1. Given the conditions (1) within 25 Å of Arg4 (Cα to Cα); (2) modelled with pLDDT of 90 or more; (3) touching a helix residue (DSSP H, G or I) at 6+ places or on another chain (Cβ under 9 Å), report the number of the one that Ala37 does not fulfil.
2. Could you look through segment 3-32, keep only residues that are part of a helix (DSSP H, G or I) and of a type in the set (Lys, Arg), and pick out the one that is modelled with the highest pLDDT?
3. Which of the residues spanning segment 57-82 are modelled with pLDDT of 95 or more and among the hydrophobic types (A, V, I, L, M, F, W, C)?
4. Which condition breaks for Gly87 when tested against (1) of a type in the set (Gly, Ala, Ser); (2) modelled with pLDDT under 95; (3) under 14 Å from the mean Cα position of the chain (by Cα)?
5. Here is a check on your reading of the model: is Val31 among the hydrophobic types (A, V, I, L, M, F, W, C), crowded, with 19+ Cβ neighbours inside 10 Å, closer than 14 Å to Leu82 by Cα and free of Cβ contacts under 8 Å to residues at least 24 places away in the same chain?
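The values are calculated or read from the model by the stated rules, or taken from the named source; none is laboratory data. None of these values were measured; they are calculated from a predicted model. Every residue, glycine as well, gets a Cβ built from its backbone with ideal geometry; the counts of neighbours run over all protein chains shown.
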Amino acid sequence: MCCRICRLARYHYVLGVALNSTGRPDEALDVLHDARARFPTDGEINWGLATMLRDAGRVDDARRIVREKLRDDPDNPNLNALMRSLGEQR
């Protein structure tokens, strides 16, 4: 079951990235928002969503996601770097 769930989460992440890469950022955000609701702890989905929100100018929404993930993993260098790119130091 776990492998199936991991594959489903990965599929949603890849679909979101593909949509964003082909100039369909609104659809990409929809896919990743839905995926985050289904797989709230998936790191790739949260990372991808926060990054795309930042790129869409929705910095406050991106910060909220990163802050939430940093509560679970405060020393994660990638999350801390993303937070710095959002203009907020930890």
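1. Status for Ala37: all satisfied but (3).
2. Of everything passing the filter in segment 3-32, Arg10 is modelled with the highest pLDDT.
3. Selection gives Val59, Ala62, Ile65, Val66.
4. Only one criterion is unmet by Gly87, namely (3).
5. no
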